[in-house]
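The block underneath contains the structure these notes are about, expressed in structure tokens.
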Amino acid sequence: MVGTILFAIALLGLSALAAALLTRFDRASLTIGTTGSVIACVTGASGALASLVRRGSSALRGTWSLPLGEPHVAMDALSAFFLLCIFVVSGLAAVYASGYLPTYIGRRRLGPAVALFNLLVAAMAGLVIARDGILFLMNWEVMSFASFFLVTFENDREDVRRAGMSYLVASQFGVVFLFILFVLLGRSSGTYDFDRFAATGGLANACFLLAVVGFGSKAGFWPLHFWLPEAHPAAPSHVSALMSGVMIKLGIYGLLRTLTFLGPPAVWWSTVLLLLGAISGLAGIVHALAQRDLKRRLAYSSVENIGLIALGIGLGLLGQSRGNALVSFFGYSGALLHVLNHGLMKGLLFQGAGSVIHATGTRSLESLGGLYRKMPTTALSFLVGSVAISGLPPLNGFAGEWLIYVGAFHGAERLPTAGAVPALVALPVLALIGGLAAACFVATFGTVFLGLPRTEGVPRAHEAGLAMRSTMGIGSLLCVAIGLWPAGALRLVVPAVALVSEVPALASDATTPLFAISRAAFVLGLLVALLALLRRALLRGREVTQGVTWGCGYAAPDSRMQYTASSFVQPLLAPFAPITHVRVDEEGPSGYFPRDARYHEEIGDVGERFLVPGTRRVVHLLSQLRVIQQGRVQLYVVYIVATLVALLVFELMGAGK
Amino acid sequence: MADLLLHLALLLVVPPLLLGVIQKTKAWFAGRRGAPLLQPYFDLWKLLRKGAVYSRTTTWLFRAGPIVSLATALCAGLVLPLAAASSPLGFSGDVILFVGLLGLGRFFTMAAALDTGSSFEGMGASREAAFSAFAEPALLLCLAILCIPARSLSLGDALGALSSAPPGFSHPAYLAAALGLFAVLLAENSRIPVDDPTTHLELTMIHEGMVLDHGGPDLAFVLSGSAVKLFVVGALLVRVVLPPPAQSGLAGVGLLLVGQLGLAVGVGCVESMMARLRLPRVPQFLVGASVLAGIGLAALLYRGAP
């Protein structure tokens, strides 16, 4: 019930305070912060799970002396589902942090990082249960600022400071739209209480657009994603896991929550989200392929996955606006299941990336390689995450994408032509995204963990500590469990879907095939086991020798001759060259006795290309306002007097009426 | 039960024969007598009796690659109805599982290739990744052409809806689907004009490049995996072109086998008469297949279902 969640939030807040007070003692603050957040996350996750299973909802109203209404918190199925995602991913990230953060001891105080982490989790949980505009926005801002300070944890690095600023600007840009959204809704319904928010007609359209921009900038819809590939890699890895895993999903939560206020959706809303989803998905994965920094690649892949979620919501809206409950059910449930799945797998992948960076000191894909032997647990869980995020059976990513695919197929089959076309277009887009994602993650896993080390430092790598390994193990197990038993995971999603789309639960249409997926996974496992046994039986007693990799007769193979991450993705990226905006700086070998050659490639981002000049122009315009800022006290006194006189005149004229 | 056994028998026994037929056709075109039709079976038998050599660079993934690729191909074969109206693992939504299983097999083949640290195998994996990413939308669009008139997401229903129509093409969309599926079949099974299965020169190495380091039973698994994949994707195409009449029983099996052998001869003819495309052209070929399928879908939507 909501009391459990409030208890968890209070515990997070108190442990954050304690960690902040104990800043001088790194170990103590880390222990207290981790203990607090783990207990809070376990309590909160079980509370949310219980509420989802029992399908209950509960509310609590308080009083305060602030204007604009009373604080109101409640937990319905939508809140409970997002709370489950928040607490599971945060709990794992907190345990991971207890193994990851000690490397910073001596270089940096851990207290603030621990305290801010707990504060961030508390704000995310508070955001999801908030039921009035003021409380919601307060939590939203706490979340933004706590994550800003976490992103700039290593603030002695220039690139981290720049990433932090870009993040701060983006989140404040987004929140402006949210302020307008809530003011509009509040004015039309006379209160800031979510229960009484309602909008129709033009107001609903305006609110929808405001929500798409405001929440979309947090979620990372293209082209509002520009901060994401900067900020997520700059943060320490457990924070990246939390931000990519759940924080950006709160943009999705906000969008879904807003949709509950707006009544029946207009047809064009679905077009907007399908378009945004397709563009974010494709552009996200293409740019992910183009990256050579492990964490940047993962961050761009988050943009792709947000695109998949938006496609799901778009299909949900399509079904809703065209009156087909089946399409909307599959669209929304796919989107929500993918929220949970992506939280788990992106958490897992960022934690794996953190362990690699921790062990080797580099995040460049071009220098890594051959880490499987050094860090088998990390490698295995990274493999699980890679297969899952590629949407391949039998892991959880497939289950979520399967629902979205089925929604699109149903839309193409059952809607009139005008509605079938967008659903049909979604199909090849989903397939292309899936194919590119598989290529991206097989390349990532392959270049980091397989083959031979590409640079000197890598051979000295070591496996991550117990805390880090165990969280990655639990994360992998959860991915596998949802993949093998998707019908169980769907049961958590259905109550939340019922809140958004007001359709009678058609869950049986989905659960029977999901059980069939489990059956197919079982058969696949059986086949693999049988073939493995066959291979073992065949090789028993025969000569099995070890040798070097066959080099087509070349006698002195070298680890630098391996295919690199960039060469792997070259044929994939070639057809997408117009959108990746590659800057090449090249000096080829020349002359009869060529000496040095140079090749440097930088991948830009089309979003950046348009946003940076646009922002410059706005800044230039606004700088004209400096005319009134002369820095002299006398002048400011004049301003004050002038304002007062103007107000006085205004009031007198009003009174005269 | 009898259906299941027949299904398994078809899936396990027939596939290498298709490779033999393709090779025989190519030999006939070249004016050679060629290897015996059953040569692929002899090759498999020889490989299964051998030992193995593994590179010191490799991990268990290298050994898992062939196993997973064969297992996923077999599993995809169990999802697809072959001669009967339904399949052992079919359900509503199995079209997506079918595509996903082929993707999983490819993922592990590519991982196994990267595991060796060889630049040749990396090159093969990279090209495989690129081409399959472009083949996937085409395959899905072709499947959509089959599913939409049947108003069902199961391959059994979609292919079953065809059998009520007279054999051949009752609607232009099916022609588009068949051509699209043929292009996907060539790409998925590393055939000319996408890849050349008979060489592993750098210029052509895609699938063959990826499996350079495999030997013995592992190579046998790789070969039979690609044969099963050819058979499975081929069976899908054959059932579109030659839909078996309902309740046909053994006649359906006969129709499938005739269709498959004809398809193998067709692939052999294409391989003998065409040159491999330049690598940058391959994505265009596959996007062309997608566009064709898209036109078929448009015909389906605007002219109405058959």
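Each reported figure results from applying straightforward, stated rules to the coordinates on display, with no laboratory input. What you see is a predicted model, and the numbers here were worked out from it, not measured in a lab. Here the Cβ is made from the backbone with ideal geometry for all residues, glycine too, and neighbour counts use every protein chain on show.
The stretch B:168-193 and the stretch B:60-138 have Cα centres lying 19 Å from one another.
Each Lys and Arg contributes +1 and each Asp and Glu -1, all at the Cβ; summed about the Cα centre of the stretch B:76-206, the dipole is approximately 380 debye. Against the longest alpha carbon principal axis of chain A, how many degrees, from 0 to 90 and to the nearest 10, is the axis of helix A:249-261 turned? Taking Cα atoms only, the helix is inclined about 40 degrees.
Given axes a ≥ b ≥ c from the Cα gyration tensor, I'd like to know whether the stretch A:427-471 is rounded (a/c under 1.5), prolate (a/b larger than b/c) or oblate. Oblate, because a/c is 1.5 or more while a/b does not exceed b/c. Axis angle, to the nearest 10 degrees, between helix A:111-129 and the longest C-alpha principal axis of chain A: 70 degrees. Looking at the stretch A:570-636, the trypsin sites (Lys or Arg not before Pro) that sit in a DSSP loop and have at most 12 other Cβ atoms within 10 Å of their own Cβ are A:Arg595, A:Arg632. Taken over the stretch A:471-531, the ratio of Cα radius of gyration to 2.2 N^0.38 Å equals 1.39.
Diffusion coefficient (Stokes-Einstein, Kirkwood radius over C-alpha pairs, 37 °C, 0.692 mPa s) for the stretch A:1-125: 218 µm²/s, rounded to a whole number. Overall shape: oblate for the stretch B:224-306, with the ratio a/c of the largest to smallest alpha carbon gyration tensor axis at 1.5 or above and b/c at least equal to a/b. Step through the table entries A:Lys249/B:Lys229; A:Lys249/A:Lys295; A:Lys249/A:Lys374; A:Lys295/A:Lys374, compare each Cα-Cα distance with 28 Å, and write down the pairs that go over it. Cα-Cα > 28 Å for A:Lys249/B:Lys229; A:Lys249/A:Lys374; rest within. Estimated purely from DSSP H runs of n ≥ 4, each contributing -39500 (n - 2.57), the mean residue ellipticity at 222 nm for chain A is -24500 deg cm²/dmol once divided by its residues. Within the protein assembly as shown, the proportion of C-alpha pairs whose separation exceeds 43 Å stands at 36%. Take every Cα pair under 8 Å whose residues are at least 6 apart in sequence, average their separation, divide by the length of the stretch B:2-303, and the relative contact order is 29 percent.
The antiparallel fraction among DSSP beta bridges confined to the protein assembly as shown stands at about 75%. Start at zero, step by 5 Å, and the Cα-Cα distances of the stretch A:607-656 spread as 4, 16, 12, 12, 12, 11, 12, 9, 7, 3, 1 percent across the bins. Evaluated at q = 0.08, 0.13, 0.14 Å⁻¹, a Debye calculation over the C-alpha positions of chain B (equal weights, vacuum) places log10 I(q)/I(0) at -0.33, -0.91, -1.06. Working from the Cα coordinates of the stretch A:62-214, the gyration tensor eigenvalues give, after taking √(5λ), semi-axes of 33, 19, 13 Å in decreasing order. Using a Förster distance of 41 angstrom, determine the FRET efficiency expected from the C-beta separation of A:Arg27 and A:Leu477, and round it to 0.05. Computed FRET efficiency for A:Arg27 and A:Leu477: 0.90. Rg and Dmax, both from the Cα atoms of the stretch A:264-533 and both in Å, are 19.4, 62.
When Rg and the Kirkwood Rh are both derived from Cα coordinates, the Rg/Rh ratio for the stretch A:79-149 amounts to 1.04. Counting, for every residue in B:83-94, the Cβ atoms of other protein chains within 10 Å of its Cβ and taking the mean gives 4.
According to the Kirkwood relation over distinct C-alpha pairs, the hydrodynamic radius of the stretch B:173-243 is 13.2 Å. Summary of the geometry: the stretch A:347-382 and the stretch B:26-45, compared by the centres of their Cα atoms, lie 47 Å apart.
Summary of the geometry: the stretch A:297-338 and the stretch A:515-546, compared by the centres of their Cα atoms, lie 36 Å apart.
Proximity of backbone amide H atoms, modeled 1.01 Å from N, is registered between A:Arg108 and no other residue at under 5 Å, excluding neighbours fewer than 5 places apart on the same chain.
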